[in-house]
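Scroll down for the structure; my scribbles are underneath it.
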Amino acid sequence: MSLSLAAVLAESALRRPDHPALVTAATTLTYRELWAGARHHAAVLRRHGIGPGDRVALLLPNSPCFPKAYFGALALGATVVPMPTTLRAGEITYILKDSAAAALICTAELRDADGGTAAASTGTPVLTVTGELAAEAEPIDDLVPRSPTDIALILYTSGTTGRPKGAMLTHLNVFLNVELGMESPFAMDGDDVLLGCLPLFHTFGQICGMNTTFRAGATMVLMERFEAARAVELMARHGCTVLMGVPTMYLALLAATEHDAPRQRLDRAYSGGAALPVAVLESFEERFGCPIYEGYGLTETSPVVAYNQKAWPRRPGTVGRPIWGVEVAIARADLDDRVELLPAGEVGEIVIRGHNVMAGYLNRPEATDEAIVDGWLRSADLGVQDEDGYLRIVDRKKDMVIRGGYNVYPRELEETLARHPAVAQVAVIGVPHDTLGEEVCAVIVPRPGTEQDETLPDAIRAWCRERMAGYKYPRLVVLTDAMPLGPSGKVLKRELTARFAVPVDPMSRGGNADR
C-alpha cells in the first residue's frame, strides 16, 4: 500500500486545476500553478541528491514558497522538518544536527542571517527560493510511493521542558487528521475561503489550515504575519468564510473592531493552541456573527484530538468530543510508570490513543517510552471528561499552582478574570513564596482607556476575592503592556514566571502584593 501526503495538493490540482488555491498580497495561484511549483521544487531537490527518506528542513515565511517546498519535498518521498523563522543560529543548528537534515531551504534573507550561520556549522547544504530553487528544471511527473508508516514530518516541540524534541508523524497520521478534519470538525468544502493568519511552520496553521484547505480544494488567503486590522480588511475583501486562530488573535480582532463593526460575517471560526476564555468566545461570536468551535490537539497527535463541531451541540468551555477513531481518557496524574484510568467527572491527566499518535520522538527512545505508556500518549495536560464524552481542559500539569498545599488551576481563574471590565488579557502564574511554597499571581493587560494607577490592582484583587475561594484568588496582581508570545501566538508563561519570580514592589506600576 502506498500513501503520500503530497497527494493532498496533487489530487486537488487534478480536480480543480483553475480554482484559486493561494491568495497573497502579491499574487494568486491556482491549484495547477501551485502544484507545478511544487513539482519544480521537487525536480531541483532531486538534482541536489534529495530522495526518499532524506530530511529537508524548511526555514520559510508565510508565502507561496512554503507550500511549494513542503509538497515538493514530500513528492520526492523526503521528510519535511519545518522550523520557526524566529529561531536564532544556535536553535537552528540544534534542529539541523538532531534531524540530520540533508538540506536547508530558506529565503536569501534568512540565509544571510541565522540560517546560513547554522547551516555552515553543521555542513548542511543550503538552497534558497530565489537562488538554487529558482533554477530551470523540468517538473517531476509522479509522486514517489511511500508506505503509510513512513515519516512525513518531523515537528519540533516548543521545548518548554528542555531541548525541543522532534515528533515523528507518519503519512497516515497526518493524512487521516487532514481527511477527518476536512469532514468534521472543520467542515471544509471547495467554496470556503480561509484566512490563513497562523504561521505555516506550526502544526495548527500547517495541518489544520493549509493542508485541510488544499485537501478540500478551497482557497487560503495567506497573511505573511498576523495583524488584526489587516486581517479584518482581508476577510472583507476576499469574502473569507472560515477563520482559524489562537486566543491572542481573537483578542486582537476584538480590539481592532471595538469602534467599527467588521464588514465580513464569517460562517465559522476555530480556536486552538491554548484555552479560549468563554467571555472572549461570546464577544467574538456576537461581533462577527459566527460560532467559534474550540478544540484541542498536540504536536504529537498530528495534531487534532477533540473539537466542538457542527455534528453535535457545542459546549463552550469544553474542547468538544474526540474526533473519529481517537480515544481520550483521564488518568491518574501522579503515576508515571502506568496508566490508571479515572471515572467521568474526575480531574486527571489527559491520555490519548488512536491513528493520530506520533511514531515517537526522533533519537529519543527514553522520552518516547515516558510519553507513550500502556498504549496511551500522556499529554501532560490536566482535564476532566463528562458522561457525554465532552472534554474540558483544566490546565497544564506544569502550570498548576500549589499554594499552601491546595491545588490552584490558573485556567479557572483566567476564565473569571476575563470577565472583569478592566481586563483585556490575563495570565495566571505561580511565583515562589517563603511559607506557602507558591503564591498566585495574575498578570494583566488592561483594556485601552482604563485608568491605570496604584488603585487598579487593589480593585481587581477585591473583585476576585468576592468570586473565588480564599485559597485561590490572586494576592499578587501586576499590570503589563503586553504578554510575551511564542511563534504560534501562545502566551509564554515561563517568561512571565521568570520575570515575576521576585517580589514586586507594591507601589510600582501595576504591582500589588498581599502576603
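Coordinate-derived values only; no laboratory data. Nothing here was measured: the structure is a model prediction, and the numbers come from that model. Neighbour counts are summed over all protein chains in view; Cβ atoms, including those assigned to glycine, are modelled from backbone coordinates with ideal geometry.
Assorted remarks:
- Highest mean packing comes first when the peptides 34-47, 352-365 are listed by Cβ atoms within 10 Å, giving 34-47, 352-365.
- Under Karplus coefficients 6.51, -1.76 and 1.60, residue-wise ³J(HN,Hα) of region 378-388 in Hz, glycine/proline x: 7, 8, 6, 10, 9, x, 9, 10, 8, 5, 8
- The distance linking region 87-123 with region 46-68 is 13 Å (Cα centroid to Cα centroid, whole angstrom).
- Pairs of Lys in the chain closer than 21 Å at Cα, counting only those 8 or more apart or on different chains: 12
- The simple Förster model, with R0 at 30 Å and r as the Cβ-Cβ distance, assigns Ala120 and Ala26 a FRET efficiency of 0.50.
- DSSP-defined beta bridges in the chain - what % are antiparallel, rounded to 5: 60 percent
- Across region 349-432, C-alpha contacts under 8 Å between residues 6 or more apart give a mean separation that, scaled by the residue count, equals a relative contact order of 21 percent.
- Inter-label distance, nm, simple model (7 Å from Cα along the C-beta direction), Leu341/Glu132: 5.0 nm
- Remark: region 400-499 carries a charge dipole of roughly 340 debye about the Cα centre, counting +1 on each Lys and Arg Cβ and -1 on each Asp and Glu Cβ.
- Relative contact order (percent, whole number), region 400-499, Cα cutoff 8 Å, 6+ residue spacing: 25 percent
- Cα-based helix-to-principal-axis angle, 247-256 vs the chain, degrees rounded to 10: 80 degrees
- Quotient of C-alpha Rg and 2.2 N^0.38 Å, computed over the chain: 0.98
- Dipole of the chain [Lys/Arg +1, Asp/Glu -1 at C-beta], most positive-end residue of Leu110, Ser184, Pro164: Leu110
- Folded to 0 to 90 degrees: helix 278-288 orientation relative to the chain principal axis, Cα: 60 degrees
- Positive-pole candidate from Ile330, Ala69, Leu5, dipole of the chain, charges at beta carbon: Ala69
- In order along region 75-86, the Karplus-derived 3J(HN,Hα) couplings, from 6.51 cos²θ - 1.76 cosθ + 1.60 at θ = phi - 60°, round to 4, 7, x, 7, 9, 8, 10, x, 10, x, 6, 8 Hz, and Gly and Pro are given as x.
- Table column - 3J(HN,Hα) (Hz), region 431-442, Karplus curve with 6.51, -1.76, 1.60, x for Gly and Pro: 10, x, 9, 4, 10, 8, x, 9, 10, 7, 10, 9
- Computed over the chain, relative contact order equals 10 percent, with contacts defined as Cα pairs under 8 Å that lie 6+ residues apart.
- Principal-axis analysis of the Cα atoms of the chain puts helix 171-183 at an angle of about 70° to the longest axis.
- For GluC sites (Glu not before Pro), the sites in region 428-469 that DSSP calls loop and that have at most 15 other Cβ atoms within 10 Å are Glu451, Glu454.
- Euclidean distance between Cα centres, region 130-150 to region 470-489, Å: 46 Å
- Kirkwood-Stokes translational diffusion coefficient of region 400-499, alpha-carbon pairs, 20 °C, 1.002 mPa s, µm²/s: 155 µm²/s
- Dipole axis of region 400-499 (+1 Lys, Arg; -1 Asp, Glu on Cβ), positive-most option in Cys441, Pro487, Tyr473: Pro487
- Close amide H pairs (under 5 Å, H built 1.01 Å from N) link Glu438 with Gly404, His433, residues at least 5 positions away or on another chain.
- Put the Cα centre of region 276-339 next to the Cα centre of region 373-426 and the gap is 13 Å.
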